[in-house]
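Colleague: Starting off with a structure, shown below.
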Amino acid sequence: MPRRDWILLPALSLLTICLMFVSTELIARWIFPTLPTVGEDCMVFDDPSTGSRGIPNSECSEKLPDGELTEYSFNSCGHRAGMECGVKTPGAYRIVMLGSSIATGMRVPRDETFAALLPVELSQRTGRKVELYNEGMPWRPPSVIALHFDEVLAAKPDMVLWVLSPRDIWNESHPQSLPVPDSKASAPGSTAGLVLAAPYRVMVAFAQRSVPDVVRNLWDRKKTGFLLRHYLYESQSQYVKSYLMRDRDVEYLKVEPSEEWQTRLQQLDGITTELEAQARVADVPLVVLLVPERAQAAMISMGDWPTRFDPYKLDNELRSMIITHGGTYIDILPALRHILNPEKGYFSVDGHPNAQGHAMISRLLATELTSGAVPALKVATQSQAASGQGR
Amino acid sequence: MVLLWASIVFIGLLAKDLIVILPLAGFLLLGYTGFLLLERGYRRSLVWSILAVIFAYIWLKKYTFLPAGIFLHCPYFTLGLSYIFFRVLHLLIETGDDGHQKPRVGPVAYLLYMLNFTTFISGPIQRYDEFARDQFADEPIPLGPRMVALQFERIIRGFFKVNVLATLLHAVQDDALSQMYQPLPLSLKLFAALRLAIVYPFFLYSNFSGYIDIVIAMARLMRLRLPENFDRPFSASSVLEFWNRWHMTLSNWLKTYVYNPLLLLLMRRISSVAMQPFLGVFGFFVTFFLVGVWHGRTSEFVFFGVLTGGGMSTNKLWQLALTRALGRKGYKALAGNPTYIAAGRGLNFAWFAFTLFWFWSNWSQIDRLFAALDATQWIGIWLAIWLVATAALGSWEWLRFVLLSLRTSDGPLLASRYLRVVFATALGVAGLVITVLLNQPAPGIVYKAF
């Protein structure tokens, strides 16, 4: 081997590494552009007296790498409702929807959320005007929902729809432990920023945190990581495998969950008892819906999962809990078995339902609501229901 | 001694408990006892030693045709046993055979050969004389910077094949498998069936050949040469050729110790000249039936063996029939025809993919799979796989030929050390990053603000 190769070959190797990282990052930024702002900029998360809330009359926009441009408009009550707050339209059947980020329709334009699609679908199926007022707000675990429940009932809705996700139950916490937003820190930079700001950021990061944390943090901010994850998680089985590697967050899927998870469920049971009682007094039906997480939907669709897990477990527990207290539980999970790759209805890395997922939830929810779960919305005949579905 | 200690540490890390190794130790002792008896001239013990080793093997592996009551019911270590089995039999046969130079194997050399960590888990199956030639050489084989670099390049390639290619292909197969069981439209099911059948052979190749790349390179860095186990198997244009390119050390072992002796025995017993070509057909069936049976202990592997042996013997019969119909020259001309070769390559791939159904699944899965589509649809799938494989593998061979024909003054462009450094670096970085990602938990719902 010529002597110059002792220098040339390692240099060539280093150059290859640098070129690979820079070119992949640039390609990733080109394929997956984002905005420096996020929807959470219009929200307040650190007010213990109210829990998370939207800033009244604010507007924000965001673009998820694999999502479309999303505008967030909050009305004078701080809700992303698509209408002003106040009394219902005369003659309309009003549903008030509660929940966290999924109910809010995070990452998805409002017109494509199930909050917007459901009333249209229900109006078509039932032949009566149905409107939905969305009070969903990210990071609203059941205890925060309970804080606002009397205000919800005071507005005299015809039905309250509470959209739960496994994450909400897990996030059940006291208001003082709510996370503090740091959107500026996570805002992705421009292409020029990649070259100019990176060394500074690295120096600051290393001065403040441990090396593995810094590496993980830097990696998480790079679009290369997003690009690779996005394509890896397109595979149903690979996503489920990677998701089940999580420790705490998959308790809801475990056949034998931890005591901590069981405590959360007991807390939820207490809160639902209280909410059901209030709803009964106000004579407003409380309907609870569990929206599965992406991995849960994938597992149900695959029909196969490791023995220590059961994607239906939480569904069964919630149904029993809600029905015992006299509420109505909407069960959409079994229907996912008949849908091809329902996990494609979610953003592969972010995990929130995307527009396709919101349409899927709206369709399944409308079918359940009009098939007798809520008497006021029951479609009279099967043929009517079928014609409604056809539309 | 370095190799012995490394091997002991390797097994210790895998086993973690001394007691679970005892059955394996017993198996090794049984083999060595048989070897000592033969070495001391007790030639009659050869058959009994071989039978005892075979029985001990199927007993320890819990082959399902044995009554369950006779098995050991405590947990024990069987990793590597399948390959130790071949090495033990090889030593016994070579020692007991008059026609061969008997190997001299002391207890330490025996343990070194049996437990060599580079070949312990999945081969390749090395002959003792080849192992001893390097391991006990007065002058160790040279290991210059170029050789070290070549081995690192091979380790990177193997790492990429095992950790990235095989993992991703396995995910594709899992996805296709789950779609076969879902209530989906026919077009999607047909596509899933196509993916399911096509992907598994590539997964198996990436996984196994990647592992072999790593162990051969590691052994070479320890100045030990291991035999190659793969030689571009999907370029084979017939089933007979395929098994000369796939898991070569296994098929060579079986040809040496099963096919050849069986053929000699049959030729001695059956003197009819007309029958002699068919003795080879029968010999192929038996030999490659054993390939299937060795791979697993259940009836699925017996069937896999029937298909593998059946494929080999049918291919041999086809050769005989064509030779008879076209004459030797005519058959040779046909066998050299590029279209015939390409079609044969595709057919071999489709057949291998079909036989592997009994390799990776069980009867209940197979029942469900074959019930998911009707017979006509499945026939259509296999014909489509034949066509797709013919076109794709043919294109790959053409591309390979074109790339290898690009030359510089130093030789083929692809062999340039500069290009290889770039390729190995890219493969290594990509392999590392994707491996880390694959082993990281997927995020749940992400709140961007936090």
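The values are calculated or read from the model by the stated rules, or taken from the named source; none is laboratory data. In this text the structure is predicted, and so the values were computed from the model without any measurement. Glycine also receives a Cβ, built like all others from the backbone with ideal geometry; neighbour counts cover every protein chain displayed. Each accessible area value is taken on the protein alone, full model and side chains, heavy atoms only, with ligands, DNA and RNA left out. Shrake-Rupley method; radii C 1.70, N 1.55, O 1.52, S 1.80 Å.
Colleague: Looking at segment B:171-188 only, could you name the residues that are open to solvent by 20 Å² or more (accessible area, probe 1.4 Å), within 8 Å of chain A (Cβ to nearest Cβ) and farther than 16 Å from residue A:339 by Cβ?
Modeller: B:172, B:174
Colleague: What helices (runs of 4 or more DSSP H), lying completely within segment B:184-260, carry at least 1 residues that are in contact with a Lys or Arg (Cβ under 7 Å, 6 or more places away or on another chain)?
Modeller: So the answer is B:186-221, B:239-242.
Colleague: What residue, of B:317, B:290, B:262, is touching a residue at least 24 places away in the same chain (Cβ under 8 Å), open to solvent by 30 Å² or more (accessible area, probe 1.4 Å), closer than 20 Å to residue B:58 by Cβ and more than 18 Å from the chain's Cα centre (by Cα)?
Modeller: None of the others qualify; the one that does is B:262.
Colleague: Determine which single condition residue A:34 fails, assuming it passes every other condition in (1) among the hydroxyl-bearing types (Ser, Thr, Tyr); (2) within 12 Å of another protein chain (Cβ to nearest Cβ); (3) not in a loop (DSSP other than H, G, I, E, B).
Modeller: (3)
Colleague: Quick check: anything in segment B:237-244 within 14 Å of chain A (Cβ to nearest Cβ), of a type in the set (S, T, N, Q) and out of contact with any strand residue (DSSP E or B) (no Cβ under 6 Å at 6 or more places or on another chain)?
Modeller: no
Colleague: Which residues, taken from segment A:90-122, are part of a helix (DSSP H, G or I) and either of a type in the set (Lys, Arg) or open to solvent by 30 Å² or more (accessible area, probe 1.4 Å) (or both)?
Modeller: A:110, A:111, A:112, A:117, A:120, A:121
Colleague: Show the residue pairs that are 6+ apart or on different chains and have beta-carbon atoms under 8 Å apart, the first residue being within segment A:257-281 and farther than 16 Å from residue A:167 by Cα, the second being among the charged types (D, E, K, R).
Modeller: Here the result reads A:278/A:150, each pair linking segment A:257-281 to a residue that is among the charged types (D, E, K, R).
Colleague: Sticking with this structure for a sec: Any residue at all in segment A:299-319 that is open to solvent by less than 10 Å² (accessible area, probe 1.4 Å), out of contact with any Gly (no Cβ under 8 Å at 6 or more places or on another chain) and without any contact (Cβ under 8 Å) to a residue 40 or more places away in the chain?
Modeller: Within segment A:299-319 (the criterion being open to solvent by less than 10 Å² (accessible area, probe 1.4 Å), out of contact with any Gly (no Cβ under 8 Å at 6 or more places or on another chain) and without any contact (Cβ under 8 Å) to a residue 40 or more places away in the chain), the answer is yes, since at least one residue qualifies.
Colleague: Let me ask something additional. Could you list, in sequence order, all residues of segment A:101-148 that are farther than 22 Å from residue A:374 by Cβ and hydroxyl-bearing (Ser, Thr, Tyr)?
Modeller: A:101, A:104, A:143
Colleague: OK, next. Select from segment B:112-122 the residues that are assigned to a loop (DSSP other than H, G, I, E, B) and either over 21 Å from residue B:25 (Cβ atoms) or among the hydroxyl-bearing types (Ser, Thr, Tyr) (or both) and list them in ascending order.
Modeller: B:118, B:119, B:122
Yes/no matrix, rows are residues, columns are (1) without any contact (Cβ under 8 Å) to a residue 12 or more places away in the chain; (2) among the basic types (Lys, Arg); (3) closer than 17 Å to residue A:40 by Cα; (4) in contact with a strand residue (DSSP E or B) (Cβ under 7 Å, 6 or more places away or on another chain):
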{"site": "A:81", "(1), (2), (3), (4)": "no, no, yes, yes"}
{"site": "A:85", "(1), (2), (3), (4)": "no, no, no, no"}
{"site": "A:102", "(1), (2), (3), (4)": "no, no, yes, yes"}
{"site": "A:112", "(1), (2), (3), (4)": "no, no, no, no"}
{"site": "A:115", "(1), (2), (3), (4)": "no, no, no, yes"}
{"site": "A:137", "(1), (2), (3), (4)": "no, no, yes, yes"}
{"site": "A:160", "(1), (2), (3), (4)": "no, no, no, yes"}
{"site": "A:164", "(1), (2), (3), (4)": "no, no, no, yes"}
{"site": "A:167", "(1), (2), (3), (4)": "no, yes, no, no"}
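Colleague: Being surrounded by 13 or more Cβ atoms within 10 Å (Cβ to Cβ) and either in a helix (DSSP H, G or I) or facing chain A (nearest Cβ under 9 Å) (or both) is true for just one of B:391, B:371, B:350. Which residue is that?
Modeller: Of B:391, B:371, B:350, the one residue that is surrounded by 13 or more Cβ atoms within 10 Å (Cβ to Cβ) and either in a helix (DSSP H, G or I) or facing chain A (nearest Cβ under 9 Å) (or both) is B:350.
Colleague: Still on this model: Provide a single number: the residues in segment A:349-382 that are basic (Lys, Arg) and under 15 Å from residue A:339 (Cα atoms).
Modeller: Counting residues in segment A:349-382 that are basic (Lys, Arg) and under 15 Å from residue A:339 (Cα atoms) gives 1.
Colleague: Sort out which residues of segment B:121-167 are crowded, with 19+ Cβ neighbours inside 10 Å and either touching a strand residue (DSSP E or B) at 6+ places or on another chain (Cβ under 6 Å) or within 12 Å of chain A (Cβ to nearest Cβ) (or both), and write them in order of number.
Modeller: Of everything in segment B:121-167, those that are crowded, with 19+ Cβ neighbours inside 10 Å and either touching a strand residue (DSSP E or B) at 6+ places or on another chain (Cβ under 6 Å) or within 12 Å of chain A (Cβ to nearest Cβ) (or both) turn out to be B:153, B:156, B:164, B:167.
Colleague: Return a yes/no flag: does segment A:17-28 have any residue that is away from chain B (no Cβ under 13 Å), surrounded by 14 or more Cβ atoms within 10 Å (Cβ to Cβ) and in a loop (DSSP other than H, G, I, E, B).
Modeller: Within segment A:17-28, none of the residues are away from chain B (no Cβ under 13 Å), surrounded by 14 or more Cβ atoms within 10 Å (Cβ to Cβ) and in a loop (DSSP other than H, G, I, E, B).
Colleague: Got a sec? Which of A:51, A:67, A:78, A:86 is in a loop (DSSP other than H, G, I, E, B), more than 10 Å from chain B (Cβ to nearest Cβ), touching a Gly at 6+ places or on another chain (Cβ under 7 Å) and open to solvent by less than 60 Å² (accessible area, probe 1.4 Å)?
Modeller: Answer to the check: A:78.
Colleague: For segment B:78-93, does any single residue satisfy the condition of being on the phi > 0 side of the Ramachandran plot, out of contact with any Gly (no Cβ under 9 Å at 6 or more places or on another chain) and not hydrophobic (A, V, I, L, M, F, W, C)?
Modeller: Yes - at least one qualifying residue is present in segment B:78-93.
Condition check ((1) crowded, with 16+ Cβ neighbours inside 10 Å; (2) in a helix (DSSP H, G or I)) across all residues:
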| position | (1), (2) |
| --- | --- |
| B:5 | no, yes |
| B:8 | no, yes |
| B:29 | no, yes |
| B:37 | yes, yes |
| B:56 | yes, yes |
| B:63 | yes, no |
| B:82 | yes, yes |
| B:87 | yes, yes |
| B:93 | yes, yes |
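Colleague: Any idea which of (1) modelled with pLDDT under 95; (2) touching a Leu at 6+ places or on another chain (Cβ under 8 Å); (3) of a type in the set (A, V, I, L, M, F, W, C) is the one residue A:97 doesn't satisfy?
Modeller: Among (1) modelled with pLDDT under 95; (2) touching a Leu at 6+ places or on another chain (Cβ under 8 Å); (3) of a type in the set (A, V, I, L, M, F, W, C), the lone unmet condition for residue A:97 is (1).
Colleague: Same structure again: Could you tell me whether segment B:398-409 includes any residue that is more than 30 Å from residue A:138 (Cα to Cα), surrounded by 19 or more Cβ atoms within 10 Å (Cβ to Cβ) and either more than 9 Å from every other protein chain (Cβ to nearest Cβ) or among the basic types (Lys, Arg) (or both)?
Modeller: no
Colleague: For segment A:285-376, which helices (runs of 4 or more DSSP H) that fit wholly inside it have 1 or more residues that are facing chain B (nearest Cβ under 10 Å)?
Modeller: Once the helices (runs of 4 or more DSSP H) in segment A:285-376 are filtered for at least 1 residues that are facing chain B (nearest Cβ under 10 Å), what remains is A:294-302.
Colleague: Right, residue A:339: open to solvent by 30 Å² or more (accessible area, probe 1.4 Å) and out of contact with any strand residue (DSSP E or B) (no Cβ under 8 Å at 6 or more places or on another chain) or not?
Modeller: yes
Colleague: Could you list, in sequence order, all residues of segment A:237-254 that are open to solvent by 30 Å² or more (accessible area, probe 1.4 Å) and more than 17 Å from residue A:292 (Cβ to Cβ)?
Modeller: A:241, A:245, A:247, A:248
Colleague: Taking residue A:2 and the conditions (1) over 22 Å from the mean Cα position of the chain (by Cα); (2) assigned to a helix (DSSP H, G or I); (3) within 11 Å of another protein chain (Cβ to nearest Cβ), which numbered condition does it fall short on, given that it satisfies the others?
Modeller: Among (1) over 22 Å from the mean Cα position of the chain (by Cα); (2) assigned to a helix (DSSP H, G or I); (3) within 11 Å of another protein chain (Cβ to nearest Cβ), the lone unmet condition for residue A:2 is (2).
Colleague: For segment A:192-236, give me every one of the helices (runs of 4 or more DSSP H) that falls completely inside it and has 1 or more residues that are within 14 Å of chain B (Cβ to nearest Cβ), modelled with pLDDT of 85 or more and open to solvent by 50 Å² or more (accessible area, probe 1.4 Å).
Modeller: A:223-232
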